[in-house]
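One structure below.
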């Protein structure tokens, strides 16, 4: 049964607080022995349907919000994860934000200003396609701010996420871990397939040359900003079907543990009659 594989996702992929994620030693093609893609797809469909139910409960309950943070190298599958995870979910209860190069106005504020404004309201699911971790990732790799500035941000980010958690936002952070060889294949597909040309940015090839620097930056961010209330998961993402299954399983499990409920009516339904 596929459930025996799924029950290990939390323990296998969640990084323990205070520990080095050791990205170089993690197999990006790991499937924990699961090779039945048909069973995985069926379980994924089940999770999507369950997430739709839980999203409706989350909205009605009104006590919590869910923030899903997706980080990873180019082609790691952030867009695909969003598409497969949120298929069928009521769009009124979901907000997806892709953080790109900050505008002039955003740069005139602190770096978390635009992030806080994009966080989900109670009852809502928010997804960050890239996030505030760019400010200790690409900013660090490209020396966009001095080292003494970005080093302070780890604690600032941890404090920010703790504040969100203490105010009802469940924070789940996923690093989509792909191998350099798999990225090469996916980039080549974008070059070879005319329907994927729009996805290709020649600048991605320059970023690829900085792979080791990005892995170091990501490893530090995961290690320094990882708590029980705001956990990091390193998801093997060379196999898209396994990536989608693992993330959906973790998200559904976390929402179910909230014990969401429909609020009691403020009136007695037995005394109301529609005529």
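The values are calculated or read from the model by the stated rules, or taken from the named source; none is laboratory data. Note that the structure is a prediction, hence the values are computed from the model and not measured. When we count neighbours, we look across all protein chains shown, and the Cβ atoms used for this are built from the backbone with ideal geometry, even at glycine.
General observations
- The lone exception for residue 73 - which of (1) touching a helix residue (DSSP H, G or I) at 6+ places or on another chain (Cβ under 9 Å); (2) surrounded by fewer than 17 Cβ atoms within 10 Å (Cβ to Cβ); (3) more than 21 Å from residue 254 (Cβ to Cβ) it fails: (2)
- Residue that is nearest to the chain's Cα centre (by Cα), among those in segment 201-219 that are more than 16 Å from residue 78 (Cβ to Cβ) and crowded, with 18+ Cβ neighbours inside 10 Å: 219
- Search result, residues across segment 246-275 that are over 30 Å from residue 37 (Cα atoms) and assigned to a helix (DSSP H, G or I): 269, 270, 271
- One residue from 195, 182 being part of a helix (DSSP H, G or I), out of contact with any helix residue (DSSP H, G or I) (no Cβ under 7 Å at 6 or more places or on another chain), farther than 30 Å from residue 123 by Cα and touching a residue at least 12 places away in the same chain (Cβ under 8 Å): 182
- Some residue of segment 103-121 being in contact with a helix residue (DSSP H, G or I) (Cβ under 6 Å, 6 or more places away or on another chain), closer than 30 Å to residue 145 by Cβ and in a strand (DSSP E or B): no
- For segment 122-152, the tally of residues that are part of a loop (DSSP other than H, G, I, E, B) and either in contact with a helix residue (DSSP H, G or I) (Cβ under 6 Å, 6 or more places away or on another chain) or within 30 Å of residue 91 (Cα to Cα) (or both) stands at 7.
- Filtering 101, 122, 114 for residues that are surrounded by fewer than 16 Cβ atoms within 10 Å (Cβ to Cβ), more than 17 Å from the chain's Cα centre (by Cα) and modelled with pLDDT of 95 or more leaves a single hit, 122.
- Condition met for residue 55 (part of a helix (DSSP H, G or I), touching a residue at least 60 places away in the same chain (Cβ under 8 Å), touching a helix residue (DSSP H, G or I) at 6+ places or on another chain (Cβ under 6 Å) and surrounded by 15 or more Cβ atoms within 10 Å (Cβ to Cβ)): yes
Condition check ((1) over 21 Å from residue 138 (Cα atoms); (2) in contact with a helix residue (DSSP H, G or I) (Cβ under 8 Å, 6 or more places away or on another chain)) across all residues:
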site: 208; (1), (2): no, yes
site: 232; (1), (2): no, yes
site: 236; (1), (2): yes, yes
site: 251; (1), (2): yes, yes
site: 265; (1), (2): yes, no
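To keep it simple, each residue is scored yes or no on (1) part of a loop (DSSP other than H, G, I, E, B); (2) surrounded by fewer than 20 Cβ atoms within 10 Å (Cβ to Cβ); (3) touching a helix residue (DSSP H, G or I) at 6+ places or on another chain (Cβ under 8 Å).
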residue: 174; (1), (2), (3): no, no, yes
residue: 189; (1), (2), (3): no, yes, yes
residue: 221; (1), (2), (3): no, no, yes
residue: 227; (1), (2), (3): yes, yes, yes
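- Checking each residue in segment 3-36 for being over 20 Å from residue 72 (Cα atoms) and out of contact with any strand residue (DSSP E or B) (no Cβ under 9 Å at 6 or more places or on another chain) picks out 3, 4, 5, 6, 7, 8, 11, 18, 33, 34, 35, 36.
- Verdict on residue 30 being out of contact with any helix residue (DSSP H, G or I) (no Cβ under 7 Å at 6 or more places or on another chain), farther than 13 Å from residue 125 by Cα and modelled with pLDDT of 95 or more: yes
- Residue check, residue 216 without any contact (Cβ under 8 Å) to a residue 12 or more places away in the chain and under 21 Å from residue 13 (Cα atoms): yes
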